[in-house]
1. What whole-number distance in Å separates the alpha-carbon centres of the range 487-529 and the range 345-393?
2. Can I get the semi-axes of the chain's equivalent ellipsoid? Compute them from the C-alpha gyration tensor as square roots of 5 times the eigenvalues, in angstrom, largest first.
3. Within the range 297-400, what percent of beta bridges assigned by DSSP are antiparallel, to the nearest 5?
4. Relative to the first principal axis of the alpha-carbon coordinates of the chain, what is the inclination of helix 487-498, with its axis defined by its Cα atoms, in degrees from 0 to 90 and to the nearest 10?
5. Stokes-Einstein at 20 °C, 1.002 mPa s, Kirkwood radius from Cα pairs: D for the range 53-236 in µm² s⁻¹?
6. I need the trypsin sites (Lys or Arg not before Pro) found in the range 83-178, filtered to DSSP loop residues with at most 16 other beta carbons within 10 Å of theirs.
7. Does anyone have the angle between helix 701-713 and the longest principal axis of the chain? Alpha-carbon axes, 0 to 90°, nearest 10?
8. Determine ³J(HN,Hα), in whole Hz, for all residues of the range 79-95 in sequence, where each value follows from phi through the Karplus function 6.51 cos²θ - 1.76 cosθ + 1.60 and θ = phi - 60°; x replaces Gly and Pro.
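What follows is calculated from the coordinates using simple rules that are stated; it is not laboratory data. As the structure is a prediction and not an experimental result, all values here were calculated from the model. Glycine gets a Cβ as well: all are built from the backbone with ideal geometry, and neighbour counts include every protein chain shown.
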Amino acid sequence: MRATLGRTLALAVTATMLACDPAPFVPGEAVPEPAQALRPVERAPAPPQEAHIVDYRIEAKLDAETHAIDGKLRMTWRNRTRRRVKSLPFHLYMNAFRAEDTAWMREARGSHRGETLEDGEWGWIDVSGVRLLERTAVEEVVGLAELAPESAAELNFAENADPTTMHVELPAALGPGEAVSLEMDFHTQLPPVFARTGYHEDFHMVGQWFPKIGVLEEAAGWRAHTFTLNGEFYADFGDYEVELDVPAEMVVGATGIRVGEKVEGGRKRLSYRAEMVHDFAWVADPNFVEHWGEYEGIRIRQLIFPAFGFSADAHMQAQQAALASMERRFGPYPWSTITIVHVPEGAEGAGGMEYPTLYTTSDVYTPSLPLPPSWFSERVSGVFTSVHEFGHQYFQGMFASNEQAQPWLDEGMNTMSNMLVYLDAYGDPEAPGGADPWIVRILGHELRVSDMASLSLLDSLYDPVDQDASEFRALIPSYGAMVYQKTAALMLTLRNLVGHERFDAAMSTYTERARFRHPRGAWLEDVLVESLGARAPVTSSDSVSRGRAVMLDVRDYLDQALREVSEVDFRILKVTHRPVVGESGWHRDNAGKLVVTDAPDRPKRESAWDDAELEATVVVQRRGDFRVPVELMVEFTDGTRETVTWDGRARTQIFTWPGRRVRFATLDPHRKLWLEGRRLDNTRAADDIADVPSGRGLESQLANVEEALALAAMGVIGP
């Protein structure tokens, strides 16, 4: 699901401007449909067979006038656990929008992403019949098309207390190693576009639209959660065969590959196949035009409206950059297609959402005036949405963690991967500050990738990161900042502390263990401890630690970051100089007699003393409760610099340099602590140095304006 950063940044800057007239849109030559839904094994390893749990065959007919879908579903579910089950739970997600008193609507109060579902504009799903087609051993499962409906037996089923789930009763318990095939009739009424799905004029976004079985876990049993405001989706992998009956003029995009098309009497039937996915979604609108691209044999298809065609190339480049970064870091993309859907004006509530091999995005915003790059440049509007939603093809599509139980493991880890895409695409480690590239430049002031994570944490620390989605409440504005930004910030901070290569290697290990296996957060934490070491050295090559290595307790770091409500916040309290301890005064000599040593003759003003007579002193404070190592860099009056690493565990620490004079000191000079949002007090000049402004060096009028602008631009980050 989207983080609305791109759109917010652009609107904050261009709110008073009108859009430019775009250049004519040239869609380009079509790329042929791939022959297979999965990429060849030489390109991407085949998914593990044991992850194949459920198959669906769906026939659906869209009434574009009433915006309703009549459907028939056949499903085969395999029990690969050691449990026996007598009842099968199903999600009916669309029922979240059928009345004011559903769990979802009670929490949202009818509002989502700035849109409101008006009374009477309801959406729902109604199951009218469930039949048992077959039960057999897993290894004897046959194709769904081959099952004979005349042998079907009617089953009892009922919605639960909240209508977003229902249960189906089996005539006898299904044991380990057995499979069951069911058939269902259902009717889905789409609402006006709201909370990811629905219709707007001719546009139809059809997501979470059919009955979908829950996940049976070995330890926990059935996981089929009530759909709530911040909750998303959790499902097993399998194959889909879907036939869509739509008006002939509709341009359709869908999960998987198209394997058939038949036009007849003003309508057409489109057949799709998807393999080893956990959902199927589709979109239809007669006004779409297609824009094509390819990456390493993956067909990229954009569905876009001509008025916004100017942004197609930018999204294609972002998609290709995301594939390059994600494949290098998290392994090959397993499917042969990706479809990017640009939603029309008026249907923004459907934008920025992920489905297997298909996602919706937002368009690039352009100012009406030809602003020079020195005034305004940006790399984020629209395209960051594409990077984020494509990232979900891994962090949810391929890993399929439980988004309800641990939303950070999906949304937060995905946001981390999005920032790595930007670092890979734009970062230049050789340039000053270039390893943390800019995303927006406004009148010479830059917002960097790290600001995407850290600035959103200010004044939003109300909840821990690692908790069930239902525990985040709409009235407490913490879900987006904690789940998305803090997770990304804590992981990228860890990466900076332990070293990029070591962290990336750990993530590669996690990927190998997690792909197609419903990972839990504990898996990731264990991999990080195992790969980095329980105590990882963090002293960088250009710093010293006063004779001892500074170590990071990785488990303690993760506990603080994920399960405590604590803030990383350091500041420099004082940068000053004081006399070194001399030998003047009365002392006993070797014979035990008191003798006096005169004080040296030196000026009254300390600024005129020789350096050898001074001791530079820097006092640092940990104001936040979060304990983490931090670097301190000091620049001396002779132009040289020294960096020391402090373990950050005490509340205060005093550093001294006898015989040296310091101009200024800076905490976290290399911007490693992305978890720290308050940084204006991280730099301070020495009190008695004339050529550096006194007080907090960065806490100037300009810096305050810059941070205020950043916060204003980034204030609406979230789901």
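1. 27
2. Values: eigenvalues 636, 163, 91 Å².
They are 56, 29, 21 Å, listed largest first.
3. Working: 3 of 12 bridges.
Given both bridge residues lie in the range 297-400, the antiparallel proportion sits at roughly 25 percent.
4. Rounded to the nearest ten degrees, it is 50.
5. Numbers: Rh = 17.2 Å.
Rounded, D is 124 µm²/s.
6. Working: sites: Arg83, Arg84, Lys86, Arg98, Arg106, Arg109, Arg113, Arg131, Arg135; in loops: Arg83, Arg84, Arg98, Arg109, Arg113.
Counting only loop positions with at most 16 other Cβ atoms within 10 Å, the trypsin sites (Lys or Arg not before Pro) in the range 83-178 are Arg83, Arg84, Arg109.
7. 10
8. So the Karplus estimates, Gly and Pro as x, are 8, 9, 9, 9, 8, 9, 10, 10, 9, 10, x, 10, 7, 10, 4, 4, 5 Hz.
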